[in-house]
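For reference, the structure discussed in these notes is given below.
The values are calculated or read from the model by the stated rules, or taken from the named source; none is laboratory data. Please read all numbers here as calculations on a predicted model, not as lab measurements. In this analysis, Cβ positions are derived from the backbone assuming ideal geometry, glycine residues included, and neighbour counts consider all displayed protein chains.
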Amino acid sequence: MPIAHVRGVALYYEVHGSGFPLLLIGALGASVPLHRELVAGLAAHGVIAFDNRGSGRSDKPDIPYSIQMMALDALGLMGALGIEQTDIVGISMGGRIALEIAADHPARVRKLVLVSTSAAGTGHLRMSLPMRLVGLLIGLRGLRRLAPQPPYAHLRQRQAATG
């Protein structure tokens, strides 16, 4: 199981394909299995899909999370894998993480693709139709059972995403 120890947390990741690296940063509560079809579609790149802190097979410390903290986790993963620059696809909360990386470390990002996200938290969780469908898919396909997210970890990610 590929794990990178970054900033005191073990982050689970997978690398698929080859080519210029593309870092896939997932949504609140999402884990790598949810992105299988997207990863397959991006196989022309060297796709790095990982579980954010608090989700999937990554560590789930019961401490306050922030978007900046998770951006530093992603940068740490890039460093652990020897990646200086990458394309990034960020989905929902992952888009906010991607924006943080691009704003604070623009030389590390070649291209940025943002999906169903916003630049700032509203204090409320607003899910677009595509993200509601993803939530439904998780329930229908049983993906949540592959790497269950404890309620406290979901709350920590939600607080970061809405802050």
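What are the residues in segment 23-34 that are outside any loop (DSSP other than H, G, I, E, B), closer than 18 Å to residue 117 by Cα and modelled with pLDDT of 90 or more, if any?
So the first thing to find is which residues in segment 23-34 are outside any loop (DSSP other than H, G, I, E, B), and the list is 23-25, 32-34.
Within this subset, residues satisfying the condition of being closer than 18 Å to residue 117 by Cα are 23-25, 34.
Passing the criteria: 23, 24, 25.
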Please indicate, with yes or no, whether at least one residue in segment 13-30 is small (Gly, Ala, Ser) and loosely packed, with under 15 Cβ neighbours inside 10 Å. yes
Listed by first then second residue, the pairs whose first member lies in segment 111-126 and is modelled with pLDDT under 85, whose partner is in a loop (DSSP other than H, G, I, E, B) and not hydroxyl-bearing (Ser, Thr, Tyr), with beta carbons under 7 Å and at least 6 positions apart or on separate chains, are 121/163
Filter pass, residue 145 being more than 16 Å from residue 26 (Cβ to Cβ), among the charged types (D, E, K, R), over 12 Å from the mean Cα position of the chain (by Cα) and modelled with pLDDT under 75: yes
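Counting only residues that are assigned to a strand (DSSP E or B) and not β-branched (Val, Ile, Thr), how many does segment 87-104 have?
So in segment 87-104, the residues assigned to a strand (DSSP E or B) come out as 87-91.
With the extra rule that they be not β-branched (Val, Ile, Thr), the set shrinks to 87, 90.
Selection size over segment 87-104: 2.
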Hey, any hits in segment 65-86 for a residue that's in a loop (DSSP other than H, G, I, E, B), out of contact with any strand residue (DSSP E or B) (no Cβ under 7 Å at 6 or more places or on another chain) and either surrounded by 21 or more Cβ atoms within 10 Å (Cβ to Cβ) or of a type in the set (Val, Ile, Thr) (or both)? yes
Conditions (1) loosely packed, with under 15 Cβ neighbours inside 10 Å; (2) in contact with a Phe, Trp or Tyr (Cβ under 6 Å, 6 or more places away or on another chain): number failed by residue 57: (1)
Within segment 35-53, which residues are in a strand (DSSP E or B) and over 17 Å from residue 92 (Cβ atoms)? 46, 47, 48
